[in-house]
Amino acid sequence: MKPVARGAGSERRREPLRSGKGLRQTPADKAGDRSVDLEAVTGSPLPGPIDSVAFARGRRELWGRIESERLGRVVEAGAATVDDVRWSAVGSIGRDAHDRLREFLTIRVEFTPILPCARCLAPVTLAPISAENRFRFAATEDQAAREDREATDCDVIAHDPALDLGALIEDEVLLSLPMLAAHDKCPDPL
Ligand SMILES: [Zn+2]
């Protein structure tokens, strides 16, 4: 296992995570052996700052898994997960709507949420979630704000030489949590 970001030209299979359908067909242990033991490498279960444009231009990839108990904002939101949250971050180059070459970052997360039931407050295990968000980098905050209003297929954010990738991954988990959870039939209704 190679516990670091890989550069372009790798022959290994890309796309460490799959769509929702694929998620259920992929045995957990298969994903596990492709995970980065980031904590062993960096002392932290999530990646730290990255240079956003260098990450995209280098077509770098990182992936791993983390216990949701270690995601402070997810815990604050009252959420837990059945197993670890699986995440990936993939840099790429692509064209924007004006056919200009741009730098992109795709963040994916997969997890099975457990939320308190809105009726009885007992934990409800929900269907597995597979979420993805694509970011495009702009040279300045002004440009990012302007382009973000027009972009429909990605979020545009300013280039950051120390982009907090771990925070973006946690954001993605938070944003993909269902707003409301309830049992079909509460085990012990009030
Ligand atoms: Zn309930």
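Derivation of every value follows stated rules applied to the coordinates shown; laboratory data play no part. In this text, all values refer to a predicted model and were calculated from it rather than measured experimentally. Cβ sites come from the backbone with ideal geometry, for glycine too, and all protein chains shown count toward neighbours.
Every residue in the range 122-175 that is under 19 Å from V109 (Cβ atoms) and in a loop (DSSP other than H, G, I, E, B), please. Within the range 122-175, L126, A127, P128, D153, C154 qualify. Would the range 145-158 turn up any residue that is farther than 17 Å from G64 by Cα, hydroxyl-bearing (S, T, Y), free of Cβ contacts under 8 Å to residues at least 24 places away in the same chain and out of contact with any His (no Cβ under 8 Å at 6 or more places or on another chain)? Yes, the conditions are met somewhere in the range 145-158.
Within the set R73, R86, R65, R119, the sole residue that is touching a residue at least 24 places away in the same chain (Cβ under 8 Å), farther than 29 Å from K185 by Cβ and outside any strand (DSSP E or B) turns out to be R73.
When we screen T125, T81, T152, T112 for residues that are among the polar types (S, T, N, Q) and farther than 30 Å from P187 by Cα, the only hit is T152.
Residues considered: E76, E110. Of these, the only one that is more than 16 Å from the ligand (Cβ to nearest atom), on the phi < 0 side of the Ramachandran plot and surrounded by fewer than 15 Cβ atoms within 10 Å (Cβ to Cβ) is E76. Among the residues of the range 120-179, the ones that are surrounded by fewer than 15 Cβ atoms within 10 Å (Cβ to Cβ), of a type in the set (A, V, I, L, M, F, W, C) and more than 20 Å from the chain's Cα centre (by Cα) come to 4 in all.
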